[in-house]
């Protein structure tokens with residue numbers, strides 16, 4: 001029997017399934033996610049609803065089952081991939097992509113449009129990124145910015161606080 005694959009935009013009706021995918025996926029990374037950030041559940045329904053108000057979630061579906069979700073956040077003239085979660089029993093099938101593919105896509109964007117490539121990653125993968133940029137992707141090394149995801153979180157908090165302050169001051 002052939003599986004039917006679909007990538008679709010997720011909505012409020014998908015909240016509980018998305019929440020299950022995120023929390024089950026996070027369990028697979030217990031011990032990798034810093035202890036001060038890991039808790040169960042990893043994300044509450046309220047946190048997810050807040051995330052969904054700021055970004056667009058897409059889901060990967062086989063037949064009628066949602067197996068993976070990705071959250072994209074539009075910021076000015078770029079879209080950031082903020083989350084990619086795949087149910088543990090479906091991981092290692094290429095659903096979430098891999099690090100090498102992400103670099104290849106950044107290189108392709110640079111080749112086509114000379115767009116400034118940004119790679120947002122964790123401390124765990126920063127060294128791997130630098131190693132890859134010293135070899136296969138050396139052409140984009142002078143142009144790519146490797147940014148730790150924690151810096152992006154700080155930036156979004158500052159931007160949100162600034163927006164709130166502007167609203168309060170009516171400026």
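The values are calculated or read from the model by the stated rules, or taken from the named source; none is laboratory data. Model, not experiment: these values are computed from the prediction. All Cβ positions, glycine included, derive from the backbone under ideal geometry; neighbour counts span all protein chains shown.
Report yes if residue 100 is modelled with pLDDT of 70 or more, part of a helix (DSSP H, G or I) and touching a helix residue (DSSP H, G or I) at 6+ places or on another chain (Cβ under 9 Å), otherwise no.
Judged against the criteria, residue 100 is not a match.
Only residues that are in a strand (DSSP E or B) and in contact with a strand residue (DSSP E or B) (Cβ under 9 Å, 6 or more places away or on another chain): list them for the stretch 47-68, please.
56, 57, 58, 59, 60, 61, 62, 66, 67, 68
Identify, please: which residue in the stretch 15-46 is part of a helix (DSSP H, G or I) and out of contact with any helix residue (DSSP H, G or I) (no Cβ under 9 Å at 6 or more places or on another chain) and is, among those, surrounded by the fewest Cβ atoms within 10 Å (Cβ to Cβ)?
Filtering first and then ranking leaves 46.
Is it the case, given these coordinates, that residue 89 is closer than 24 Å to residue 25 by Cα, part of a helix (DSSP H, G or I) and modelled with pLDDT of 80 or more?
It is false that residue 89 is closer than 24 Å to residue 25 by Cα, part of a helix (DSSP H, G or I) and modelled with pLDDT of 80 or more.
For the stretch 41-70, enumerate the residues that are farther than 13 Å from residue 21 by Cα and at pLDDT below 85.
54, 55, 56, 62, 63, 64
Name the pairs whose Cβ atoms lie under 6 Å apart, with the first residue in the stretch 153-171 and not assigned by TED's automatic domain parsing to the domain that holds residue 83, the second surrounded by fewer than 10 Cβ atoms within 10 Å (Cβ to Cβ) and in a helix (DSSP H, G or I), and 6 or more positions between them or separate chains?
none
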